[in-house]
Amino acid sequence: MTTTPAETGGAAPGREAPVDARAFVDRPWRMLIGGELVSPVAGGSADVIDPSTGEVLTTIPSGDEADTDRAVAAAGAAFPAWARTSITKRAERLLELAEVIEKHGEELAWLDTIDNGSPIGVMRGDFRMAVEHLRYFAGLALQLRGESIPVAEWDAVDFSLRDPFGVVGRIVPFNHPLMFAASRIAAPLLAGNTVVLKPAEVTSLSALRLGELACDVLPAGVLNIVSGPGRTVGERLVTHPEVRRIAFTGSGEVGRRIQARAAVSAVKVVTLELGGKNPMIVFGDADLDQVVPGAVRGMNFTWQGQSCGSTSRLYVHSSVYDKVITTLGRELDAMTVGDPKLESTQVGPVVSAAQYEKVRSYIRIGLDTPGLELVAGGLPDESRPGYYIRPTLFSAPHGQVGPLFEEEIFGPVLVAAPFDDYDEIIERANALPLGLTASVWTRDLGIAMRSVRDLQTGYVWVNWSSSHIPGTSFGGVKDSGVGREEGLSELEGFTQPKNVYIRF
Ligand code: NAD
C-alpha cells in the first residue's frame, strides 16, 4: 500500500505504509530573494534525486552569480532597517519563525527524508532541533551586551557596543538540511545582520520551503535563500565585496578554499565548521553495557554516519577489545537498513551517487588493507536500487593501519583498534590534523579528567557520545575549523565590538 501526504493529512502515515515522495515534491520550487519567491535569472534548474531509488523526483532552481548578486543587494538594502529594529523585536520574529517551522515540522522532516535519505524518525528530530535553536537564540536577546570599562579620568566613561556586520553569507552542508538552514540563521539575524543562505545543492528542498514560510515572517530581504552549485553561488557569496562575514559548515577542502578566496575582494571574518575523524576511547574499566550503544550512537548510523561529530575511530583497551567488537558487530548487523520513508527504518541510503561511490571506495580500501578485518557490513548489494550501505565495522586487532583510520569517510563505516597505554592512545587520538570531537569511556575520574585535558578537540563527551545541547559551544580545533556555534559565542561572533570613550 502506498499513502500520499494528502491521505494522511501531510502527517506521519501508518507505521509501515511507504509514502509517495512525489506528492511532497511535485510542485514548482522557487528561491527567496528580496521578499519574493523567484526563479534564477538565467533559468537554471537542477534535478532532485531520490537517494532511495536513484530516480529524479523533481527539479529545483539552480542559481548562479547573478542571482547571488541580487540576493546580496536585497540583503544590503534590508540591512539598515533590520539593524535599527530593536533586538527584542528581532527576537520576536525568530520566535514566530520557530512557531511556523514547528507547525510545518512534519512536512519539513519528510522533505529532508526524501531529499537526503535519513530515516523519517530521525529527521523529525532535526526540525525539533532547529526550533530549539531559534528559541534559544531568541532568548539570548538581552545577553548580547557590551562592557563598561573603568578609565583613569574622573570625567569620562568608556564602554563597548556590538555592531552587526551587514550582509552575512551562510553556507550549509547536506547532512542536516533543515536543521542547519533554520538554526544557523538565528544568531546572525538576532545580532542585526541580514543573511544570504546557500543550501547544499543535493539537499535544497527544505531550505526552499523554509524560504516560502519565512517570507510571511521576516521583512523583505532580511533572509534570502539561493540554491545552486558551490562553485557559482557559493564562490560568489564568498568573494562578494559586500559580504564581510562568512559562516561555513562543510568539508575541510572547501573550507580552506573559502578562507583563501574570501580574502580576494575584502578583509572578511570567516568561521569554519569542518570535518572530523573523531576518536572514541574505551578504557578497561568502562561500563561495557553503555559502551556498545554509545559507539552506535556516536557513529550517527541513523544519519548513515553522515555527521561531522561522528566518533569514527574506536579505540578499545585490549582487556575488553574482543568482547566490545563482537557485541558491536552483532548490534550493527541487527540494524534495519531500508526505505527511509518507513518508520521502522534505522539506516537509510547515503545522500547521493557521489557519496555512495566515495564510501564504497573506502570499504574496498578496507577490504584490501592487510591487518584489517571486516566484522559487520561490507560492500553493498549492487543489484539493489538506491544508495544503501549497511553499517560497516572494520577491526585492526594488531594495531591501527591504513587510511580508514586517518581520513573522514562521512559514511556508515567505523574502524576499531585496541590499545594498552594511556599516553599511547592520547598520542594516537591527537595524531591527526583534525580535532572536532572525542568520546571517552571510563569510571575513573582521574583518567576522564586527564583525557579531557589532553585531547586536542573542540568538544569532549565522557561516558556519552553524539549529543548536541543548545547553549554549549560546538566547533573544532586544528583543521576541523575556527569559531564556535550553538552557544552565546556564536551570537557574539556575528557582531563587531565598537569601543566608545566619552569625556563629559
Ligand atoms: P561540502 O564542503 O562539499 O559542501 C558544503 C557547502 O559548501 C555546500 O552548500 C556546497 O554547495 C558549498 N560549496 C562547495 N564548494 C564551494 C565553494 N567553492 N565555495 C563556496 N561554497 C562551496 O560539504 P558537504 O559534502 O555538503 O558536507 C559534508 C562535510 O561537512 C563533512 O566534511 C562534514 O564533516 C562537514 N560538516 C561539518 C560540521 C561541523 O559542524 N563541523 C557539520 C556538518 C558537516
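Of the residues screened, Val359 is not one that is among the hydrophobic types (A, V, I, L, M, F, W, C), open to solvent by 20 Å² or more (accessible area, probe 1.4 Å) and modelled with pLDDT of 95 or more.
Phe127 falls short on exactly one of the conditions (1) crowded, with 19+ Cβ neighbours inside 10 Å; (2) in contact with an Asp or Glu (Cβ under 7 Å, 6 or more places away or on another chain); (3) not in a loop (DSSP other than H, G, I, E, B), and that condition is (2). Quick check on my filter: what residues within region 281-324 are of a type in the set (D, E, K, R) and surrounded by 21 or more Cβ atoms within 10 Å (Cβ to Cβ)? The answer is Arg313, and nothing else. Residues in region 391-406 that are under 25 Å from Val320 (Cβ atoms) and either among the charged types (D, E, K, R) or open to solvent by 20 Å² or more (accessible area, probe 1.4 Å) (or both): 7 in all. Taken together, Leu208, Leu213 contain a single residue that is in contact with a helix residue (DSSP H, G or I) (Cβ under 7 Å, 6 or more places away or on another chain) and more than 11 Å from the ligand (Cβ to nearest atom), which is Leu213. The number of residues in region 429-460 that are touching a residue at least 40 places away in the same chain (Cβ under 8 Å) and either within 30 Å of Leu144 (Cβ to Cβ) or open to solvent by 30 Å² or more (accessible area, probe 1.4 Å) (or both) comes to 10.
Could you grab me the full set of residues in region 364-390 that are among the small types (Gly, Ala, Ser), outside any strand (DSSP E or B) and either touching a Lys or Arg at 6+ places or on another chain (Cβ under 7 Å) or open to solvent by less than 80 Å² (accessible area, probe 1.4 Å) (or both)? Can you show your working first?
Here is the first cut: in region 364-390, the ones among the small types (Gly, Ala, Ser) are 366, 371, 376-378, 383, 386.
Restricting the remaining residues to those that are outside any strand (DSSP E or B) gives 366, 371, 377-378, 383, 386.
Residues satisfying the conditions are Gly366, Gly371, Gly377, Gly378, Gly386.
Residues in region 298-317 that are away from the ligand (no atom under 12 Å from the Cβ) and hydroxyl-bearing (Ser, Thr, Tyr): Thr302, Thr311, Tyr315. With respect to the conditions (1) open to solvent by less than 40 Å² (accessible area, probe 1.4 Å); (2) within 16 Å of the ligand (Cβ to nearest atom); (3) within 22 Å of Leu274 (Cβ to Cβ), Val415 lacks only one, and its number is (2).
Within region 82-105, the residues that satisfy the criterion of being open to solvent by 60 Å² or more (accessible area, probe 1.4 Å) and of a type outside the set (Asp, Glu) are Arg84, Thr88, Lys89, Arg93, Leu95, Lys103. Scanning region 244-269 for residues that are within 24 Å of Arg90 (Cα to Cα) and either more than 7 Å from the ligand (Cβ to nearest atom) or open to solvent by 60 Å² or more (accessible area, probe 1.4 Å) (or both) yields Arg244, Arg245, Ile246, Ala247, Val269. Checking region 228-243 against the condition returns a match, with at least one residue being touching a residue at least 40 places away in the same chain (Cβ under 8 Å), in a strand (DSSP E or B) and within 13 Å of the ligand (Cβ to nearest atom).
Considering region 130-184, and only residues there that are among the basic types (Lys, Arg) and in a loop (DSSP other than H, G, I, E, B), the residue that is surrounded by the most Cβ atoms within 10 Å (Cβ to Cβ) turns out to be Arg184.
The values are calculated or read from the model by the stated rules, or taken from the named source; none is laboratory data. Since the structure is predicted, the reported quantities are computational estimates derived from the model, not experimental observations. Reconstructed Cβ throughout: ideal geometry from the backbone, glycine too, with neighbour counts over all protein chains shown. Surface accessibility is based on the protein's heavy atoms, side chains included, excluding ligands, DNA and RNA. Shrake-Rupley method; radii C 1.70, N 1.55, O 1.52, S 1.80 Å.
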